[in-house]
Amino acid sequence: MKINRDTSFPYPVLGHRKGISSSADASLEGKIVNDDYIWDIIISHDNEDIERLVQSGKVKYACEVECQETYYRNAFYPKIGDDAKHIQVKINKEDIGGRVNIAVTALAVEKLPEYHNSKSSGIYSNYNFDLEPGDILATFGEWDIDLDIEATSYKRITSIVQLQLVDTPEIEIELEDKKAIIIQLPKSKYQAYIDKFKNPFYQPALLSSIVFEAICKAIFQLKDHTESTWGRVLESKLKKDYGYGDDAAEQVAGDLDSAFELTRKMLEDPYCQLYSLLTDINSNRDSDDNEIIA
């Protein structure tokens, strides 16, 4: 269940916008044990009304897990006899993959007529509400976990790019693949430069130059590809390395200047690499000329 700031409720929900003047939070710690993903969630809040409803059994703390890639969806609750604010989620690795959404809430499990929270604020402070089973009374946290991009194999941005040899005369960039950005490279051009592609002396500068346009285009159109693996890798880098928020894809959408500058940073300034390569080539050429003169 995706709950963001744009989600609207007809009644006050703790932790969502400013309908209730109380704190609401949750921590999440994950690990892998044998063939299972395990997440431990600890809920924290100071709202006595919701706490009282939980203790009475009319409301439950819940953790909903959803995976679009495998169509997995399930809800987890505190174990009977354990701390009511501790939820452990245990899911077999084969059941989920890609991006997993985890949302922690407090849910009504029976009808709550005339519900009113004593810490309601604003327009809600003078109203009561009739809630049905399944209605959300509080939201404590939500996480998007990318199971398939946690590996160090995605540490370098070029790992989300694949070269594909084709018979067409021009280089084409394909963004519809779910796993990688595809650069379709004409066989004729590749064959002409194959030795240089394999040569460590030329490789970094050549690859960065070829990849530059692909990464720039991908960032420019990122908001249309946030469910792909390569899109989530880029989105994750924007958040972790460049200070963007949860709406990173929206922030860079259609902004060519930002796409260009971010690509330059991600590829560690490929133009500088090309300049260094040309400098080295000229230096070697000068050295050869000097040897001939001597």
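The values are calculated or read from the model by the stated rules, or taken from the named source; none is laboratory data. Predicted model only: the values in this text are computed from it and were never measured. No Cβ is skipped: glycine too gets one built from the backbone with ideal geometry, and neighbour counts run over all protein chains shown. Ligands, DNA and RNA are excluded from the accessible area calculation, which covers all protein heavy atoms including side chains. Shrake-Rupley method; radii C 1.70, N 1.55, O 1.52, S 1.80 Å.
Out of the range 196-237, which residues are within 18 Å of Ile171 (Cα to Cα), modelled with pLDDT of 70 or more and surrounded by fewer than 16 Cβ atoms within 10 Å (Cβ to Cβ)?
Ser209, Glu213
Could you grab me the full set of residues in the range 65-82 that are β-branched (Val, Ile, Thr) and in a loop (DSSP other than H, G, I, E, B)?
Matches in the range 65-82: Thr70, Ile80.
Of the numbered conditions (1) touching a strand residue (DSSP E or B) at 6+ places or on another chain (Cβ under 7 Å); (2) open to solvent by 70 Å² or more (accessible area, probe 1.4 Å), Leu53 satisfies every one except a single condition; which is it?
Condition (2) is where Leu53 drops out.
With respect to Val89, is the statement that it is at negative phi and either touching a Gly at 6+ places or on another chain (Cβ under 7 Å) or open to solvent by less than 30 Å² (accessible area, probe 1.4 Å) (or both) true?
Details: at negative phi: yes; either touching a Gly at 6+ places or on another chain (Cβ under 7 Å) or open to solvent by less than 30 Å² (accessible area, probe 1.4 Å) (or both): yes.
So Val89 fits the description; yes.
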